[in-house]
Amino acid sequence: MPTRPIRQVPGVYHRRVGDIVVTVLNDGFQDAPMTSVVNIPQDEAVAMMRAAFRPVPRRTAVQAFLIHSADRLALVDAGCGPAKPTVGKLPANLAAAGIRPEEIDTVLMTHLHPDHFGGLRDATGAAAFPRAELHIAAEEYDYWHSDEAAAAETDKARRKSFFGGARASLAAYEGRIRTFSGEAEVFPGVTSLPLPGHTPGHSGYMVESAGERLLIWGDIIHVPEVQVPRPEACMAVDVLPTLGIETRRAIFERAARERLTVAGMHLHFPALANLRQEGDSFLLLPEAWSSADLADGAT
Ligand SMILES: [Zn+2]
């Protein structure tokens, strides 16, 4: 008699973008109260979750992405890190994808929040990716290293976990940190795209190869069921919420207009989707899972 399953098999999904392969790596999920969704009446936000058959409090997926290009193996964000109950699955999923941490030569950060930098260090506090160069927007680096910004954070626990955590995580990569500004080619096939608001230097990464494109858009949304139809809905942790709304609308419009596929850290696995604009609102259309082989010439 086969044993009844008690846990999922690995959360790994490969997606070709021209000659590049992007691998979605699930890090787990986090439950958080709906009060973390702001600038929309609570009862409306909760009703939208219920109408979408989603749990309340909200269950938010956490993903990271690998970019396999001709000459780079890059990890985009690092998940929440070790020793947390429902997250921290990135190392196991990386192993399931057949990748050893020391093979990763590049880490690209969308921004410095704990669910993105937590996995930069292992349980001993050492760099989890010992050979990687770490790329981040200069504005993002500067904000989290600003004593003035840290002093302005009145919540002491958050100051420690956000500012302290960001600084300690990056310190493990000292001498290997590269900053960029605006739209910059990080390496062939990958260009940074400023998407500020959630944090001051929040950035996406456009992956482009052989006429195909995929935008890894970081934390443009955390609760798709609410923030796609109502882009004005913000997260309580947004550093610059008004700018964040502008950025969200603009990138939604662009993705819809250009039929651009997007990948998001907090979209549901495998976290790839398209958007359609309907007046002032938008619709998220998750990409269908594909079992097709990824080799050249495969059908
Ligand atoms: Zn996040």
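The values are calculated or read from the model by the stated rules, or taken from the named source; none is laboratory data. A quick note: this is a predicted structure, and the numbers were derived from the prediction, not measured. A quick note on method: Cβ atoms are made from the backbone with ideal geometry, for glycine too, and the neighbour counts reach across all protein chains shown. Accessible surface is based on the protein model in full, side chains and every heavy atom, while ligands, DNA and RNA are left aside. Shrake-Rupley method; radii C 1.70, N 1.55, O 1.52, S 1.80 Å.
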One computes Rg over Rh for segment 187-230 from alpha-carbon atoms, with the Kirkwood Rh, and obtains 1.06
Note to self: Kirkwood Rh of segment 43-88, Cα pairs, one decimal, Å, is 13.6
Per the Kirkwood formula over distinct C-alpha pairs, the hydrodynamic radius of segment 1-143 in angstrom is 16.9
Given a 1.4 Å probe, the accessible area of segment 170-299 per residue, as a whole number of Å², is 43
Counting only protein heavy atoms with a 1.4 Å probe and every protein chain in place, the carbon and sulfur fraction of the accessible surface of segment 1-145 in whole percent equals 56
Percent of all alpha-carbon pairs of the chain at distances over 36 Å, whole number, is 12
Segment 55-116 -> Rg/Rh from Cα coords, Kirkwood Rh, value 1.01
The rounded separation in angstrom of the Cα centers of segment 179-221 and segment 129-144 is 14
With the 8 Å Cα cutoff and a minimum separation of six or more residues, segment 108-174 has a relative contact order in percent of 45
In nm, the gap between the two label points placed 7 Å beyond Cα toward Cβ at Val237 and Arg257 is 3.1
Carbon plus sulfur, as percent of the 1.4 Å-probe accessible area of segment 195-299, comes to 52
Using alpha-carbon positions, the gyration tensor of segment 156-233 gives root eigenvalues a ≥ b ≥ c; with a/c under 1.5 called rounded, otherwise prolate if a/b exceeds b/c, else oblate, the class is oblate
The value for segment 191-268 (convex hull of the alpha-carbon atoms, volume per residue, Å³) is 82
Inverse of <1/r> over all distinct C-alpha pairs of segment 115-158, i.e. the Kirkwood Rh in Å, gives 12.6
